[in-house]
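Student: My questions all concern the structure below.
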Amino acid sequence: MHRLIPIAASLIALAAGPALAADAGARMTYDVYVGGLRMLEVTSGLSLGRDRYDIDLSAHVVGIAATFSSWRSNVQSSGALEGPRVRPARNVVERINGDDARTTTITFLGGGKMDVVIVPSKKPKREQTIPPAQLTHAVDPLSGVVSILQAMHVGAEACKGQVPVFDGRRLYRADLTDGGAVMLEKSDLGIYGGEAQRCTLTLTPMVGDFNFGDERRTTKPTEYFQRSSRVSEERVIETWLASPGGGLPAVPVRIQSESPWGLVVVHLRAAQAGAS
């Protein structure tokens with residue numbers, strides 16, 4: 001189950017928030033199905049100011065997965081907004097499974113320099129091993145979401161181009177492709193059906209040989225995405241964005257991707273105004 005989490009987190013990150021007017025916020029609830037089984041419940045909120053953003057995400061296992069795991073996670077990111085660009089300042093990821101808890105904190109120092117702290121750490125902290133030149137424009141996963149939403153907010157191209165993403169362990173490239181407006185059939189598992197904007201995200205591992213704190217050293221960038229070398233290194237994530245009604249702005253109403261454990265589908269179950 002724990003090896004499914006990076007995949008699910010990548011999907012959920014896309015669902016973390018809508019394109020909002022300045023000084024506004026929204027909170028959503030999502031259900032994550034893996035191979036047809038409900039495995040995770042996620043709540044997420046976003047607050048966009050005129051020059052600052054804050055985004056959070058909380059997830060925990062449900063259903064059959066909860067019978068053998070008590071895994072849960074809390075993620076927070078914050079930073080500055082400059083037009084369509086985001087400048088992340090801090091990202092905190094807390095993972096808890098029973099009595100085992102770990103917190104990874106990324107502080108963005110500028111110029112591609114990162115300070116990564118893992119608590120608890122079984123080994124002495126090591127110096128940054130990815131050259132700063134490769135991390136100059138990198139963002140954490142949730143800040144990457146905000147970069148898409150902020151572009152939508154200011155009227156720039158939102159679902160196009162590339163975004164380098166750093167999660168504290170690995171660097172990967174996110175390629176965005178605009179799929180245009182489509183009709184999305186309503187599912188019994190979600191609250192929305194109708195016209196939606198389709199956006200395709202392709203994640204490609206770029207650097208997998210780095211070791212912060214007690215993280216395992218590896219030369220296989222595919223380890224983050226898959227459980228065997230028989231699966232493609234790239235992971236394609238499809239998302240559909242639309243307003244669920246009630247005057248709310250557009251949010252991801254459905255997300256899906258293939259995984260070694262079966263099809264992963266994220267359904268929007270509820271949405272309301274306000275980030276908390």
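Student: Mind pulling up the Rg/Rh value for the stretch 98-200? Radius of gyration and Kirkwood radius, both on Cα.
Tutor: Radius of gyration over Kirkwood radius for the stretch 98-200 works out to 1.10.
Student: Another question, then. Need one number: nm distance between label points at residue 67 and residue 115, each 7 Å from Cα along Cα→Cβ, rounded to one decimal.
Tutor: 4.6 nm
Student: Expressed as a whole percentage, what fraction of the accessible surface of the stretch 28-165 belongs to carbon and sulfur atoms when a 1.4 Å probe is rolled over the protein heavy atoms?
Tutor: The C+S portion of the solvent-accessible surface of the stretch 28-165 is 51 percent.
Student: Can you give the extra length, in nm with one decimal, that the chain gains between residue 80 and residue 175 once fully stretched, where that is 0.36 nm per residue apart less the Cα-Cα distance?
Tutor: Extending this stretch completely gives an extra 31.9 nm.
Student: Let me ask another. How much net charge surrounds residue 29 when only other residues with a Cβ under 11 Å from its Cβ are counted (Lys, Arg +1; Asp, Glu -1)?
Tutor: 0
Student: Still on this structure: What net charge do the residues around residue 73 carry, taking every other residue with its C-beta under 12 Å from that of residue 73, with Lys and Arg at +1 and Asp and Glu at -1?
Tutor: 0
Student: Determine, from the Cβ-Cβ distance of residue 188 and residue 233 and an R0 of 35 Å, the FRET efficiency 1/(1 + (r/R0)^6), rounded to the nearest 0.05.
Tutor: 0.55
Student: List, in order, the whole-Hz ³J(HN,Hα) value for each residue of the stretch 98-113 obtained from phi through the Karplus relation with A = 6.51, B = -1.76, C = 1.60 and θ = phi - 60°; use x for Gly and Pro.
Tutor: So the J values, rounded to whole Hz, are x, 8, 9, 10, 9, 10, 10, 10, 10, 10, 8, 9, x, x, x, 8.
Student: Give me a comma-separated list of calculated 3J(HN,Hα) values for the stretch 30-36, in order, Karplus coefficients 6.51, -1.76, 1.60 applied at θ = phi - 60°, integers in Hz, x for any Gly or Pro.
Tutor: 10, 10, 10, 10, 10, x, x
Student: Another question, if that's okay. Would you please give the residues with an amide H less than 5 Å from that of residue 70, counting only those at least 5 places away or on a separate chain, with H modeled from the backbone geometry?
Tutor: 98
Student: Excluding residue 240 itself, calculate the net charge of residues whose Cβ lies under 9 Å from the Cβ of residue 240, where each Lys or Arg counts +1 and each Asp or Glu counts -1.
Tutor: +1
Student: Related question: Ordering 64, 130 from largest to smallest accessible area (1.4 angstrom probe), what's the sequence?
Tutor: Per-residue accessible area, sorted high to low, gives 64, 130.
Student: How long are the semi-axes of the equivalent ellipsoid of the stretch 50-157, taking √(5λ) for every eigenvalue λ of the Cα gyration tensor, in whole Å from largest down?
Tutor: Over the Cα atoms of the stretch 50-157, the ellipsoid semi-axes are 28, 21, 10 Å.
Student: Over the stretch 66-107, how many percent of alpha carbon pairs lie in each 10 Å bin up to the one with the longest distance?
Tutor: Pairs per bin, as whole percents: 25, 36, 23, 13, 3.
Student: Along the stretch 82-95, what does the Karplus equation 6.51 cos²θ - 1.76 cosθ + 1.60 (θ = phi - 60°) give for ³J(HN,Hα), rounded to whole Hz, x for Gly and Pro?
Tutor: Each residue's phi maps through the Karplus curve to give 10, x, x, 9, 10, 10, x, 10, 7, 9, 10, 10, 10, 10 Hz.
Student: Extending each Cα 7 Å along its Cβ direction at residue 258 and residue 103, get the distance between those two points in nm, one decimal.
Tutor: With each label placed 7 Å out from Cα toward Cβ, I get 4.0 nm.
The values are calculated or read from the model by the stated rules, or taken from the named source; none is laboratory data. None of these values were measured; they are calculated from a predicted model. Ideal geometry is used to build each Cβ from the backbone, glycine not excepted, and the neighbour counts take in all protein chains shown. Accessible surface areas use protein heavy atoms only, side chains included; no ligands, DNA or RNA. Shrake-Rupley method; radii C 1.70, N 1.55, O 1.52, S 1.80 Å.
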